[in-house]
Amino acid sequence: MMAGSLYQTLPDLISTIGQSDFYHEVERSFKQVPTVSKFKIISYPKSSKPAFLGGYSEPEFDRIYCESAYLLDPFYDVINKDNRNELVTLDSIIRHDFHSSTYYDRFYHMTGWTNESNFIVSLNDERTICLAYTAHDMPMNELNHELRPYLHAIKSAIRKHESLTSQIIESSHCSELKSEHHDSNHQMSLFGLTKREKEIVSYILQGHPSSSIAQLCYVSEGTIKNHRKNIYRKLNIHTQGELFRKFLN
């Protein structure tokens, strides 16, 4: 059973969870399957364009797909549905006129793929990871049957990797924010700003207008405007742009 040989790749795959070469290892494991002719890992963020993960790259095709072709991809419609199957084959979702469609004419026929399966891993409401593969000398439904146990194992590894990576990024971001906050506070102290003035500067740097700062500080907007005049005077500046340049550059 090919799935059995794939399971032998899991120890190496698991050892890379949380590391930058994780998706390269996912790709390497699929290369152990002789009937898989091509394999892609695609990340689909909810609010931006997709991106390819792993080491396998076809620069021109990848660029065209990520720039615009993905919008016509039948799988893209499936990915955005709430109730869908995890494992989907192209010939199960296309219409009879697929080979005369714009997507096929402008993109798909150039890839050399004639059919494919996508294993769809939902991470959260904001992002989805797809494992896309095609085969030669084997019907896709037979290949999917062989791969299914392994795919569910790899889904767990992907979710663990993404969760761990998110925690690392969040922890790093919090550390940077704490450092930036400390540096800004130190800078503001050098200019003789009061505690309230420091608080107001922090809100301005976060993008709050005077009306919002007034609500956060439980004072009138006029009071905030007076504080801003004193802050500008102490910092020897005249505009909000100068304030940003002083503390954020």
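The values are calculated or read from the model by the stated rules, or taken from the named source; none is laboratory data. Being a predicted model, the structure only gives us computed values, none of them experimental. Ideal geometry is used to build each Cβ from the backbone, glycine not excepted, and the neighbour counts take in all protein chains shown. To get the accessible areas, we keep the full protein, side chains included, count just its heavy atoms, and leave off ligands, DNA and RNA. Shrake-Rupley method; radii C 1.70, N 1.55, O 1.52, S 1.80 Å.
Values as computed for the structure displayed
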read-out: Alpha-carbon Debye profile of the range 1-138, log10 I(q)/I(0) at 0.16, 0.20 Å⁻¹; value: -0.91, -1.42
read-out: Degrees between helix 221-235 axis and first principal axis of the chain (Cα, 0 to 90, nearest 10); value: 80
read-out: Karplus-derived HN-Hα couplings along the range 94-99 (A = 6.51, B = -1.76, C = 1.60, θ = phi - 60°), whole Hz, x at Gly and Pro; value: 8, 8, 5, 9, 3, 6
read-out: Residues in the range 51-93 reached by a label modelled at residue 122 [backbone nitrogen below 16 Å; 7 Å Cα→Cβ]; value: 76-88
read-out: Amide H within-cut-off set for residue 113, under 5 Å, with H built and near neighbours excluded; value: none
read-out: Calculated FRET value between residue 142 and residue 99, using beta carbons and R₀ = 25 Å, to 0.05; value: 0.60
read-out: 5 angstrom amide H check on residue 53, placed H, neighbours 5+ away; value: 41, 42, 43
read-out: Apportionment of accessible area to carbon and sulfur, the range 1-119, percent (1.4 Å); value: 51
read-out: Accessible area of residue 90 in the full protein assembly, 1.4 Å probe (Å², nearest 10); value: 0
read-out: For the chain, accessible area per residue (1.4 Å probe, heavy atoms of protein chains only), Å²; value: 57
read-out: For residue 37, residues with placed amide H under 5 Å, excluding near neighbours; value: 134, 135, 136
read-out: With DNA, RNA and ligands ignored, accessible area of residue 97 (1.4 Å probe; Å², nearest 10); value: 50
read-out: Degrees, to the nearest 10: 195-205 long Cα axis against longest axis of the chain; value: 40
read-out: Quotient of C-alpha Rg and 2.2 N^0.38 Å, computed over the chain; value: 1.46
read-out: Rounded if a/c under 1.5, otherwise prolate or oblate - the range 48-124, Cα gyration tensor axes; value: oblate
read-out: Gyration tensor verdict on the range 200-249 (Cα atoms; rounded if a/c is under 1.5, prolate if a/b is larger than b/c, oblate otherwise); value: oblate
read-out: Vicinal HN-Hα couplings computed from phi for the range 71-88 (Karplus, 6.51 cos²θ - 1.76 cosθ + 1.60; Hz; Gly/Pro x); value: 5, 9, 5, x, 5, 5, 5, 5, 4, 8, 8, 6, 9, 9, 6, 6, 10, 10
read-out: Spacing of the two label points (7 Å from each Cα toward its C-beta) at residue 240 and residue 208, in nm; value: 1.3
read-out: Residue-span extension gain [residue 82 to residue 48] - 0.36 nm each, minus C-alpha spacing; value: 10.4 nm
read-out: Mean-position separation - Cα centroids, the range 136-159 and the range 22-65, in angstrom; value: 15
read-out: Cα gyration tensor, the range 1-65 - rounded (a/c under 1.5), prolate or oblate; value: oblate
